[in-house]
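What follows is a short report on a single structure.
Just so it is clear, none of the values below were taken in a lab; they were calculated from the coordinates. What you see is a predicted model; the values in this text were computed from it and never measured. So basically every Cβ, Gly included, is an ideal-geometry build from the backbone, and we count neighbours across all protein chains shown.
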Protein chains: 2
Amino acid sequence: MGASIKDVALRAGVSVKTVSNVINDFQFVSDATRAKVRAALEELDYRPNLSARLLRGGRTGVVALAVPEISSPYFAELAAQFVQQAKGHGWTVLVDETQGAKDSEHVVLEGIKSHLIDGLIVSPLALTAKEIDQRRDHTPLVLLGERLAHAPVDHVSIDNVAGATTATAHLIALGRRRIAAIGSQPHISGGTAALRLRGYRAALRTAKIRYDASIVIPAKSYHRADGYAAMHALLDLPAPPDAVFCFNDLLAIGALRALHERGRQVPSEVAVIGFDGIEEGEFHTPTLSTIRPDKAEIARLALALLERRITDGPAASPREGFASFELLARQSTARS
Amino acid sequence: MGASIKDVALRAGVSVKTVSNVINDFQFVSDATRAKVRAALEELDYRPNLSARLLRGGRTGVVALAVPEISSPYFAELAAQFVQQAKGHGWTVLVDETQGAKDSEHVVLEGIKSHLIDGLIVSPLALTAKEIDQRRDHTPLVLLGERLAHAPVDHVSIDNVAGATTATAHLIALGRRRIAAIGSQPHISGGTAALRLRGYRAALRTAKIRYDASIVIPAKSYHRADGYAAMHALLDLPAPPDAVFCFNDLLAIGALRALHERGRQVPSEVAVIGFDGIEEGEFHTPTLSTIRPDKAEIARLALALLERRITDGPAASPREGFASFELLARQSTARS
């Protein structure tokens, strides 16, 4: 077991405070005492701890990544990318979960943990640009996602509108005309859902397909069970859809389950596409078509922005990074 | 923006060290200087940071959970349980990923981050009991899983042998006799795979079914792709199995995908059961039968052990917690 500062104090016959004064190189310790403490530090192989480094403004080698939900495969896979790529920066990544709650996100930004970490990467759901702007904490910060594109901080995003347009246009290219959407969030303005809805509507407009609000189903959260319920609701309509664009893969997987239970063939009767490119979709039956943001690129860009922010300090103007995405056409949208 | 210790020093006209001496309540600061610094601290609304608390042995309110893979749904779902339940203890949980690598697990145990956290919960893959025993770090520690059941530390586990016996007996109860296993790890002794293999063999023995090593397929990692490859290998055998026990759900989902591609009916031709009870299995087609450890209970027990360890100190004898599990019989093992 490593020696504690108490062990060192005991060995040197001085107080814990005196040991910490020596560790901190404070000048008021007598040479004799300093020598005694140093000898005890060596004898016990004491490794000066971070608290001392922190008082001197040192780096901790730790960055925090705060995501709404650790158990969501998209965020879990994204977190894994951060963990792996942070090694190249000499950082350990600790992942925190906010559950998208405003108070948790506040706590993150107000720096409860800011003295433990060199920097913070946050994927916010609830916070506003104004709140981010007014944060009291100095910790270098990078935001993920487009929710707060106008906040004066570094951020990395993907083009959600273009991604959603691509997904919807893919369904149109299969000859589908009654294309539903699952995952709108009318109570949240400017978030990811609003951007994906905008992309969906843009693709319909281009194809001269009338927008029908009755087949745009809101989802409070983006879990499998939400997609499952929404798909059942769509199948209960007098004129069910022949295709569905789900705003994430979990919603799509729930929708596929509902279609299976109702005996509808995918893709011949109903084609389904998701968003996120989680690995689960690759192994689902049928395999799930999706828009896959480049998670490795998101992590790479965010870590690079964080590194530059730490180097350049808070005064440097905010920078933006954009990660790419790709369309993965699989069985759930195959030509029948 | 909050004031830094530097801002306070500037305002009070003293050195940063003097400010930290005042914050630390060191006695050698003159009353006049102390008053000046205190006034500056108040004026600038400086919130004494953790480094000061740490030097005095204070708690950080943060515990770390180190898992082999954040992107594995089992660990992601488990981590979410820890995050949610830790609130009851006043803790924020930060999740770290070791990738099961010995050096990463060492780093965790040797306390690189130990000064940032009140305690550490580790699900180790590579470390041995001896290595745990010899760790130099004082951070209160709780282990998850049975890998290191004989290490002299607090740990929480489930009965892997009983779980595997239950899974295999469930397949036998369906009338299956040629029951394969996917996920053995012959190069690792005493780990989870060895325990699940033992449970599988115990169930066969009870049913007087001969153990056939040719249908026990090793898996280097427990990903969907490993289960997919293993199932293809089993289907290439002259006498393929009529049932498969996969040592985790991801392996089972890969196996189901392979069965689908080879046109085999599940469960009528081949029944499949997994282990972990991840949500993905509930929405797969067919839905996946599994052994579900009580993840909420694992988190509850581990956090309680950690809290007691912090209170009782390192000398208290190690304690064990056992979490329950349940068999979820779904479509992949339905009676045909």
Assume the label is 7 Å from Cα along Cα to beta carbon: what separations in nm does B:A35 have to the matching positions in the other copies? 4.0
How do B:I310, B:I253, B:I217 rank when sorted from fewest to most other Cβ atoms within 10 Å of their own Cβ? B:I310, B:I217, B:I253
Ranked list, fewest to most other Cβ atoms within 10 Å of each Cβ, for B:L288, B:L305: B:L305, B:L288
Copy-to-copy spacing for A:R308, label 7 Å out on the Cα-to-C-beta vector, in nm, shortest first? 5.2
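Hey, got a sec? Which GluC sites (Glu not before Pro) in region A:275-326 land in a DSSP loop and have at most 12 other Cβ atoms within 10 Å?
For GluC sites (Glu not before Pro) across region A:275-326 that sit outside H, G, I, E and B with at most 12 neighbouring Cβ atoms in 10 Å, the list is empty.
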Whole-Å distance linking the alpha carbon centroid of region B:243-262 with that of region A:233-247 is 30 Å
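What's the extension gain from A:A315 to A:Q331 if we count 0.36 nm per residue and subtract their Cα-Cα distance? Walk me through the numbers on the way to the answer.
Values: separation 16, 0.36 × 16 = 5.76 nm, distance 4.98 nm.
Taking A:A315 through A:Q331 to full extension adds about 0.8 nm, to one decimal.
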Taking the label point 7 Å from Cα along the Cα-Cβ vector, the copy-to-copy distances for B:R335, listed from shortest in nm with one decimal, are 4.7
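For B:H232, A:H187, which order do you get if you count the other beta carbons within 10 Å of each Cβ and list the fewest first?
A:H187, B:H232
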Of A:K220/A:K295; A:K220/B:K87; A:K6/A:K36; B:K6/B:K36; B:K87/B:K295, which ones are farther than 20 Å apart at the Cα? A:K220/A:K295; A:K220/B:K87
